[in-house]
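Below: the structure, in structure tokens.
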Amino acid sequence: MAPTDRLPDARKGEPDLRFPKKKVTARATALALALGVTAVLVTALPASAASVTSFTPTCGLAGTGITITGSGFTGATAVDFTGAAGAAVVVVNDTTATATVPPAATTGPITVQTAAVDTASTANFIVAAAGIPTITSFLPISGAAGSIVVITGTNFGCTTSVMFNTTPATSYVVNSATQMTATVPGGATTGALHVTTTGGGPANSATNFTITGGPTITSFTPTTGNVGTSVTITGTNLLGVTSVKFNGTAAVTVGTSTATSVTATVPTGATTGKIAVTATAGTATSATDFTVTTVTKHQRSVSLKLKGSLTASGTVKVADGFNACRSNVTVEIQRLKNGTWTKVGSDKTTSDGKYKKALEDKSGKYRAIAKKKTLNGGDDICVADTSPTVKHTHS
């Protein structure tokens, strides 16, 4: 080493010229910082968290297989059921997994386990009991359509049906194996509650749930009529009537209802029986029957005689002997003039069907017509008839 080639004295801060100092650019510094921060972020990120959005079925016995839908399922190790953690899981993909309900599971949310902090389902998986359901009580004990009723009992689990008397609940939610809530349906009538589950049933309440605020029927008019008759029904809470039935047959035409009345037309196929009116808050049934009558057509004949100058007379007869169709019947006498039948006189028949009318003496052809007559609110129809033509010659 040359005398001048001595090593630098670090204690004096002498630079080592053998290794030239490289200039660090701002760009290199920024890149290094970026790479460093990225590395920190990558190492700081937690594992993807699993989140359960839904599952099917929503209830079942221990041993039931369920399919779970959500996100972040890749790498999942187990499924936690309420009361039983660590159930085996089969991951289908990142959004779907399957599991089997373990024996110790109870009703509650479910969670798919990953290495992260996972999110449980918002809905409960209902663990059904194998026993037949029972109803021990319900509150409130009365209410109108739309009311919420809390039903208490046992073995509700997988409930398949809730009935208010004979009408299915609008909706129901099973909160646990011992409690559920149900909404009183429109059209429901006072009666027992019934709950059916996959375990059996129906379970019937010992007391009735009373429908309040529903419609009532106090009267109706007319009390008899045939198909097509318009009936006015009077009562209370009739506003918003959706259906009127005549002994179970729905009226096709239901008029605008008010709080105290509604009209309906007797439908084809109706038979004698009660009238039922359904509104939002329930159904009311009349205390008495509406009598459906049958329309009967009575065939008639009318005769015509011309005498002198000029008297028309004759008789109206009824084929089936229904004498009401021959009494007080309008008979019109007509004369053919220029090819057109023209009225020249009329008369009302006596109780035995006879009529007689003096006419202006004119030659020509004449006929008599017994006018149609409707009796008993349309139940009996006296059919019109025309006599044979009679020729008269002016003397």
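Residues of the range 151-167 that are part of a loop (DSSP other than H, G, I, E, B) and within 16 Å of the chain's Cα centre (by Cα): THR166 alone.
Within the range 196-231, the set of residues being under 20 Å from the mean Cα position of the chain (by Cα) and buried (at least 18 other Cβ atoms within 10 Å of the Cβ) comprises ILE211, GLY214, PRO215.
Out of contact with any Leu (no Cβ under 8 Å at 6 or more places or on another chain), assigned to a loop (DSSP other than H, G, I, E, B), under 30 Å from ASN165 (Cβ atoms) and not hydroxyl-bearing (Ser, Thr, Tyr), is that true of GLY146? Write out each step before concluding.
Working: out of contact with any Leu (no Cβ under 8 Å at 6 or more places or on another chain): yes; assigned to a loop (DSSP other than H, G, I, E, B): yes; under 30 Å from ASN165 (Cβ atoms): yes; not hydroxyl-bearing (Ser, Thr, Tyr): yes.
Spelling it out, GLY146 is indeed out of contact with any Leu (no Cβ under 8 Å at 6 or more places or on another chain), assigned to a loop (DSSP other than H, G, I, E, B), under 30 Å from ASN165 (Cβ atoms) and not hydroxyl-bearing (Ser, Thr, Tyr).
Only a single criterion out of (1) free of Cβ contacts under 8 Å to residues at least 24 places away in the same chain; (2) more than 19 Å from the chain's Cα centre (by Cα); (3) buried (at least 17 other Cβ atoms within 10 Å of the Cβ) is not satisfied by ALA251, namely (2).
Output yes when any residue across the range 350-362 is under 28 Å from THR293 (Cβ atoms) and of a type outside the set (Ser, Thr, Tyr), and no when none is. Yes; the residues of the range 350-362 include at least one that is under 28 Å from THR293 (Cβ atoms) and of a type outside the set (Ser, Thr, Tyr). Filtered by the rule that a residue be among the aliphatic types (A, V, I, L, M), in a loop (DSSP other than H, G, I, E, B) and closer than 16 Å to LYS307 by Cβ, the range 318-360 gives a lone residue, LEU359.
Considering the range 287-314, and only residues there that are surrounded by 20 or more Cβ atoms within 10 Å (Cβ to Cβ) and at pLDDT 95 or above, the residue that is nearest to the chain's Cα centre (by Cα) turns out to be PHE290.
Being among the β-branched types (Val, Ile, Thr), in a loop (DSSP other than H, G, I, E, B) and over 29 Å from ALA49 (Cα atoms): is that true of THR170 here? For THR170, the condition - among the β-branched types (Val, Ile, Thr), in a loop (DSSP other than H, G, I, E, B) and over 29 Å from ALA49 (Cα atoms) - is met. Within the range 361-395, being touching a Ser or Thr at 6+ places or on another chain (Cβ under 9 Å), in contact (Cβ under 8 Å) with a residue 40 or more places away in the chain and not in a strand (DSSP E or B) holds for ASP361, LYS371, ASN376, GLY377, GLY378, ASP379, SER387, PRO388, HIS394, SER395.
Does THR234 satisfy the criteria of being surrounded by fewer than 16 Cβ atoms within 10 Å (Cβ to Cβ), at pLDDT 90 or above, closer than 30 Å to ALA130 by Cβ and among the β-branched types (Val, Ile, Thr)? Spell out how you get there, then give the answer.
Working: surrounded by fewer than 16 Cβ atoms within 10 Å (Cβ to Cβ): yes; at pLDDT 90 or above: yes; closer than 30 Å to ALA130 by Cβ: no; among the β-branched types (Val, Ile, Thr): yes.
Judged against the criteria, THR234 is not a match.
Determine if the range 123-137 includes at least one residue that is in contact (Cβ under 8 Å) with a residue 60 or more places away in the chain, crowded, with 21+ Cβ neighbours inside 10 Å and not in a strand (DSSP E or B). Yes, there is a match, as at least one residue in the range 123-137 is in contact (Cβ under 8 Å) with a residue 60 or more places away in the chain, crowded, with 21+ Cβ neighbours inside 10 Å and not in a strand (DSSP E or B). Scanning the range 125-143 for residues that are modelled with pLDDT of 90 or more, out of contact with any Leu (no Cβ under 8 Å at 6 or more places or on another chain) and not β-branched (Val, Ile, Thr) yields PHE125, PRO133, SER137, LEU139, PRO140. Among the residues of the range 173-209, the ones that are within 18 Å of ALA279 (Cβ to Cβ) and in a loop (DSSP other than H, G, I, E, B) come to 7 in all.
Taking the range 331-352 as the range and being loosely packed, with under 15 Cβ neighbours inside 10 Å and either in contact (Cβ under 8 Å) with a residue 24 or more places away in the chain or small (Gly, Ala, Ser) (or both) as the test, the residues that pass are LEU336, LYS337, GLY339, SER351, ASP352. Within the range 353-386, if we keep just the residues that are among the acidic types (Asp, Glu) and over 15 Å from ALA312 (Cα atoms), the residue that is surrounded by the fewest Cβ atoms within 10 Å (Cβ to Cβ) turns out to be ASP379.
Is there a residue in the range 99-121 that is assigned to a strand (DSSP E or B), without any contact (Cβ under 8 Å) to a residue 40 or more places away in the chain and in contact with a strand residue (DSSP E or B) (Cβ under 6 Å, 6 or more places away or on another chain)? It would help to see each step written out before you state the result.
Restricting attention to the range 99-121, the residues satisfying the condition of being assigned to a strand (DSSP E or B) are 99-100, 108, 110-113, 119.
So of that shortlist, the ones also without any contact (Cβ under 8 Å) to a residue 40 or more places away in the chain come out as 99-100, 108.
From what's left, in contact with a strand residue (DSSP E or B) (Cβ under 6 Å, 6 or more places away or on another chain): 99-100.
Yes: one or more hits.
Restricting attention to the range 165-191, which residues are of a type in the set (A, V, I, L, M, F, W, C) and buried (at least 18 other Cβ atoms within 10 Å of the Cβ)?
Within the range 165-191, the subset of a type in the set (A, V, I, L, M, F, W, C) is 169, 173-174, 177, 180, 182, 184, 188.
Matches in the range 165-191: ALA169, VAL174, ALA177, MET180, ALA182, VAL184, ALA188.
Determine, yes or no, whether ASP320 is out of contact with any Phe, Trp or Tyr (no Cβ under 8 Å at 6 or more places or on another chain) and at pLDDT below 95. Yes: the conditions hold for ASP320.
The values are calculated or read from the model by the stated rules, or taken from the named source; none is laboratory data. The structure displayed is predicted, hence computed values, not measured ones. As a convention, Cβ positions derive from the backbone with ideal geometry for all residues, glycine included, and neighbour counts pool all protein chains shown.
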